[in-house]
Amino acid sequence: MLRARMRKRLGEFVLDLDIECRRRVTGVFGPSGCGKTTFLNCLTGVLPPDAGRIQLGQAAWFDSDRKTDVHTRHRRVGYVFQDSLLFDHMSVLKNILYGRKADAGGPRFDDVVQVLELKELLKRGPNELSGGQQRRVAIARALLSNPSLLLFDEPLTGLDAGLAGRVLVYLKRVLDAFEIMAVYVSHSISDLVYLCDEAIVLHDGKVIAQGAPTSVVTHHGVLDDRHLAELQNVFPARLLAVDAEEGAVRCQVGEQMLLVYGALENSPDELTLAVNACDVVLATKTPEGISARNVLVGTVEKVERVGSKVLVFVDVGILWMVEVGRAAVKELDLKPGARIHTIVKATAIHIL
């Protein structure tokens with residue numbers, strides 16, 4: 001468990017938090033200037049709180065009452081920034097091993113390289129890497145520092161959508177493979193739903209919501225119409241077949257089939273796919289005579305108003321968020337337990 005009860009003033013801004021993170025991966029969401037990075041910097045010890053207590057497990061890192069302030073180097077925090085911050089004069093291998101102690105323990109070098117697929121990059125320099133590859137190197141470096149806590153400060157910032165999606169998949173692999181507690185800061189609620197066990201929403205230096213990511217997104221004031229336009233469902237699917245002639249792959253989600261257009265560099269057992277919440281259509285009856293290739297039968301789990309729209313959570317074997325207008329909720333009688341058909345074009349689903 002990570003417990004952070006702290007107060008920090010920076011000019012007119014005041015960060016005033018009392019947080020318990022009991023799950024392994026906690027997401028932190030909120031608008032610019034709400035205190036997300038300040039919170040991370042207090043966790044590292046780079047920025048000491050004015051008052052409070054920070055504790056990971058049984059170790060107290062900061063306690064203003066007892067005058068405790070453990071130095072940053074002794075907190076064993078792995079930090080991945082918005083910029084990869086690699087050393088240009090070092091190879092990828094040397095960057096990864098920078099700061100690692102031979103007897104430090106923690107994740108094994110070979111395991112980290114395998115999970116992040118870095119073996120072919122070890123002899124290259126940072127300037128020979130794509131932005132996504134640089135982020136993977138930065139993640140590997142953080143892992144090999146034997147961290148007790150991993151911090152991610154918007155690590156997908158600056159990457160185009162395709163690269164960001166691929167790095168997101170690697171992040172999921174890392175968080176699943178290495179059982180290290182993590183705090184993940186992002187402007188993307190979609191990333192938090194995909195990666196995190198719980199989410200915290202900050203506003204003006206205070207917590208306004210905390211809980212399961214799919215519950216937090218519907219909390220009043222968390223999302224608006226702008227966020228809905230960017231909201232994605234990111235989900236795993238089992239690869240069944242590749243149709244090279246049609247340029248498509250056939251997948252399985254739960255017990256249902258899904259057709260996706262796109263090319264694969266190899267044939268993994270499992271794919272990670274993404275579809276925008278606004279690109280899924282709902283119908284009460286099996287549709288006929290339509291061009292969309294995918295119709296999945298599901299059950300409505302919950303219906304929540306967000307901004308001027310409504311988010312419908314549908315279980316199709318995995319949970320999909322679907323954006324609809326308010327009128328559609330009444331016309332389709334959308335309510336928990338209702339059987340519904342979800343319709344999505346194969347071209348609207350992306351392979352990450």
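The values are calculated or read from the model by the stated rules, or taken from the named source; none is laboratory data. Note that the structure is predicted; figures quoted are calculated from it, not measured. Cβ sites come from the backbone with ideal geometry, for glycine too, and all protein chains shown count toward neighbours. Just the protein is used for accessible areas: all its heavy atoms, side chains included, with ligands, DNA and RNA removed. Shrake-Rupley method; radii C 1.70, N 1.55, O 1.52, S 1.80 Å.
Let me confirm something: among Ser308, Ser291, which residue is farther than 27 Å from Val222 by Cα and hydroxyl-bearing (Ser, Thr, Tyr)?
Details: Ser308 fails: farther than 27 Å from Val222 by Cα.
After applying the criteria, what remains is Ser291.
Which condition does Lys330 not pass, out of (1) in contact (Cβ under 8 Å) with a residue 24 or more places away in the chain; (2) in a helix (DSSP H, G or I), if it passes all the others?
(1)
Which residues, taken from the stretch 5-37, are among the small types (Gly, Ala, Ser) and touching a helix residue (DSSP H, G or I) at 6+ places or on another chain (Cβ under 7 Å)? Write out each step before concluding.
Initially, the stretch 5-37 is screened for residues among the small types (Gly, Ala, Ser), giving 11, 27, 30, 32-33, 35.
Result: Gly27, Gly30.
Taking Ser32 as the residue in question, decide whether it is over 27 Å from the mean Cα position of the chain (by Cα) and among the small types (Gly, Ala, Ser). Outline the logic, then answer.
On the way: over 27 Å from the mean Cα position of the chain (by Cα): no; among the small types (Gly, Ala, Ser): yes.
No; evaluated as a whole, the condition is false for this residue.
Let's see how each residue does on (1) more than 20 Å from Leu85 (Cα to Cα); (2) of a type in the set (A, V, I, L, M, F, W, C); (3) at pLDDT below 95; (4) out of contact with any helix residue (DSSP H, G or I) (no Cβ under 7 Å at 6 or more places or on another chain):
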| position | (1), (2), (3), (4) |
| --- | --- |
| Arg108 | yes, no, yes, yes |
| Gln134 | no, no, no, no |
| Ile139 | no, yes, no, no |
| Ser145 | no, no, yes, yes |
| Leu159 | no, yes, yes, no |
| Tyr184 | no, no, no, no |
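Which of the numbered conditions does Val113 fail, given that it passes all the others? Conditions: (1) at pLDDT 95 or above; (2) in contact with a Phe, Trp or Tyr (Cβ under 6 Å, 6 or more places away or on another chain); (3) open to solvent by 10 Å² or more (accessible area, probe 1.4 Å).
(2)
Could you grab me the full set of residues in the stretch 137-160 that are in contact with a strand residue (DSSP E or B) (Cβ under 6 Å, 6 or more places away or on another chain) and part of a helix (DSSP H, G or I)?
Residues satisfying the conditions are Ala138, Ile139, Ala142.
Right, Leu202: part of a strand (DSSP E or B), open to solvent by less than 50 Å² (accessible area, probe 1.4 Å) and touching a His at 6+ places or on another chain (Cβ under 9 Å) or not?
Numbers: part of a strand (DSSP E or B): yes; open to solvent by less than 50 Å² (accessible area, probe 1.4 Å): yes; touching a His at 6+ places or on another chain (Cβ under 9 Å): no.
When the stated conditions are applied, Leu202 does not pass them.
Condition (residue is within 16 Å of Ala237 (Cβ to Cβ), in a helix (DSSP H, G or I) and in contact (Cβ under 8 Å) with a residue 40 or more places away in the chain) applied to the stretch 336-346: is it met by at least one residue?
yes
Which condition from (1) surrounded by fewer than 14 Cβ atoms within 10 Å (Cβ to Cβ); (2) at positive phi is the one that Lys101 breaks?
Checking Lys101 against (1) surrounded by fewer than 14 Cβ atoms within 10 Å (Cβ to Cβ); (2) at positive phi, the one that fails is (2).
Every residue in the stretch 167-182 that is open to solvent by 10 Å² or more (accessible area, probe 1.4 Å), under 16 Å from Pro107 (Cα atoms), assigned to a helix (DSSP H, G or I) and not basic (Lys, Arg), please.
Tyr170, Asp176, Ala177
Only one of (1) farther than 21 Å from Leu273 by Cβ; (2) open to solvent by less than 50 Å² (accessible area, probe 1.4 Å) is not met by Asp224, so which one is it?
So Asp224 meets the others, but not (2).
For every residue, the table says whether it meets (1) over 27 Å from Arg173 (Cβ atoms); (2) hydrophobic (A, V, I, L, M, F, W, C).
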site: Arg7; (1), (2): yes, no
site: Phe13; (1), (2): yes, yes
site: Cys21; (1), (2): no, yes
site: Arg24; (1), (2): no, no
site: Gly30; (1), (2): no, no
site: Cys34; (1), (2): yes, yes
site: Phe39; (1), (2): no, yes
site: Leu43; (1), (2): no, yes
site: Leu47; (1), (2): yes, yes
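Just to be sure I understand, how many residues within the stretch 47-83 are outside any strand (DSSP E or B), modelled with pLDDT of 95 or more and in contact with a helix residue (DSSP H, G or I) (Cβ under 6 Å, 6 or more places away or on another chain)?
2
Kindly indicate which of Glu270, Glu288, Glu304, Glu265 is within 19 Å of Asp224 (Cα to Cα), of a type outside the set (Lys, Arg) and either at pLDDT below 95 or crowded, with 16+ Cβ neighbours inside 10 Å (or both). Break it down stepwise before answering.
Values: Glu270 fails: within 19 Å of Asp224 (Cα to Cα); Glu288 fails: within 19 Å of Asp224 (Cα to Cα); Glu265 fails: within 19 Å of Asp224 (Cα to Cα).
Going through Glu270, Glu288, Glu304, Glu265 in turn, just one is within 19 Å of Asp224 (Cα to Cα), of a type outside the set (Lys, Arg) and either at pLDDT below 95 or crowded, with 16+ Cβ neighbours inside 10 Å (or both): Glu304.
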